[in-house]
Amino acid sequence: NVYLFGGSIMAEFTYEVITNFGQLSESSRGWKKEVKLISWNGKEAKYDIREWSPENDKMGKGVTLSAEEMKALKDLLNKMDL
């Protein structure tokens, strides 16, 4: 697979969605911001937050977190007065 980001060709990579935890939001264009557990290039799966196209064939920039980072984020969110 060859993926385009910002009009330039990026290196080929693979990914496997292990778990889709759910959707955070959806844009007017149908792109969904989702939290998933993904294995990138056959490596250990990590938590991933990013936008996906309606067909799930394109992705936007996102954040990938280890289990320890996700736990730290959860702790921070629990402390916030939202």
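Which of the following values of Rg/Rh (Cα atoms, Kirkwood Rh) was calculated from the structure shown: (1) 1.00; (2) 0.91; (3) 1.04? Evaluating Rg/Rh (Cα atoms, Kirkwood Rh) on these atoms matches (1). The largest accessible area among 19, 14 belongs to the first residue in 14, 19, and the rest follow in falling order (1.4 Å probe, all chains). Computed in the context of the full set of protein chains, the accessible area of the chain at 1.4 Å probe radius has 52% of its extent on carbon or sulfur.
Remark: the chain carries 75 Å² of accessible area per residue (probe radius 1.4 Å; ligands, DNA and RNA excluded).
In degrees between 0 and 90, to the nearest 10, how far off the longest principal axis of the chain does helix 67-79 point, with axes built from Cα atoms? Between the helix axis and the principal axis of the chain, the angle is about 50 degrees.
In plain terms, the chain from residue 73 to residue 18 could stretch by 17.8 nm, reckoned as 0.36 nm per residue minus the Cα-Cα distance.
For the range 22-27, 3J(HN,Hα) computed residue by residue from phi via the Karplus equation (6.51, -1.76, 1.60; θ = phi - 60°) reads x, 9, 8, 6, 9, 7 Hz, glycine and proline entered as x.
The values are calculated or read from the model by the stated rules, or taken from the named source; none is laboratory data. This one's a predicted model, so the numbers in the text were calculated from it and none came from an experiment. Side chains included, ligands, DNA and RNA excluded: accessible areas come from the protein's heavy atoms. Shrake-Rupley method; radii C 1.70, N 1.55, O 1.52, S 1.80 Å.
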